[in-house]
Amino acid sequence: PDADLMFIGEGPGQEEDLQQRPFIGRSGRLLRTTLIKLGISPEEIFITNIVKCRPPNNRIPLPNEISMCKKLLLDKQIKIVCPLLICTLGSVALNAILDEKKSISQIRGSLQQKDTMLILPTYHPAYILRNPQAYQLFVQDLTQAITYIQTNKINTETF
């Protein structure tokens, strides 16, 4: 709960729904493995989803589902964790956090500001599993997030 880096995905997949834990399926393994390769332990981060329940037939969450889950749970998680940086995974998470429609391929890797939140959008690991050629971009984005956290954590700890 005191993580400097928070990852927010779309919603639970089948494995996550069964075990009631976010990002433990193939996408989660890819995310965690990549973070470990970049020198970050999964215990140092906070991972969650926009919606906490798996939508029927694994469809994209509806706007009212996103709104309700944000209001009742996600906004509170963000306030409790109070991360230095939020990494949104995929366009659904990005658009839900920003409350506007933006193309993940156009703004991934660029810092975005929403209220007091600093957001770094990147591809969802499921997208990387389907499009391995984008893995290097994913690694670049995660490296940028880690560098930001390490630099700003040092700056805040010195005061």
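Averaged over residues, the count of other Cβ atoms within 10 Å places the peptides 88-96, 105-113 in the sequence 88-96, 105-113, highest first. Cross-link partners for K114 among the lysines, with Cα-Cα distance under 19 Å and sequence neighbours closer than 8 places in the same chain left out: K70, K71, K76, K79, K101, K102. Annotation for the stretch 1-68: trypsin sites (Lys or Arg not before Pro) lying in DSSP loop with at most 10 further Cβ atoms inside 10 Å of their Cβ are R59. Against the empirical 2.2 N^0.38 Å (N residues), the stretch 88-159 has a Cα radius of gyration ratio of 1.19. When Rg and the Kirkwood Rh are both derived from Cα coordinates, the Rg/Rh ratio for the stretch 1-158 amounts to 0.93. Ligands, DNA and RNA left out, the accessible area of the stretch 84-132 computed with a 1.4 Å probe is 47% carbon and sulfur. Per residue, the stretch 21-155 exposes 54 Å² of accessible surface when a 1.4 Å probe is rolled over the protein heavy atoms with every protein chain present.
For the pair R21/K76, report the inter-label distance in nm, with labels modelled 7 Å from Cα in the Cβ direction. Taking the two extended label points, one gets 2.3 nm.
Among I60, I86, I50, the largest mean-square fluctuation in a Gaussian network model of the chain, built with springs joining Cα atoms closer than 10 Å, belongs to I60.
The values are calculated or read from the model by the stated rules, or taken from the named source; none is laboratory data. Note that this is a predicted model, so its numbers are computed, not measured. Positions of Cβ are backbone-derived with ideal geometry, glycine not excepted, and every protein chain shown enters the neighbour counts. To get the accessible areas, we keep the full protein, side chains included, count just its heavy atoms, and leave off ligands, DNA and RNA. Shrake-Rupley method; radii C 1.70, N 1.55, O 1.52, S 1.80 Å.
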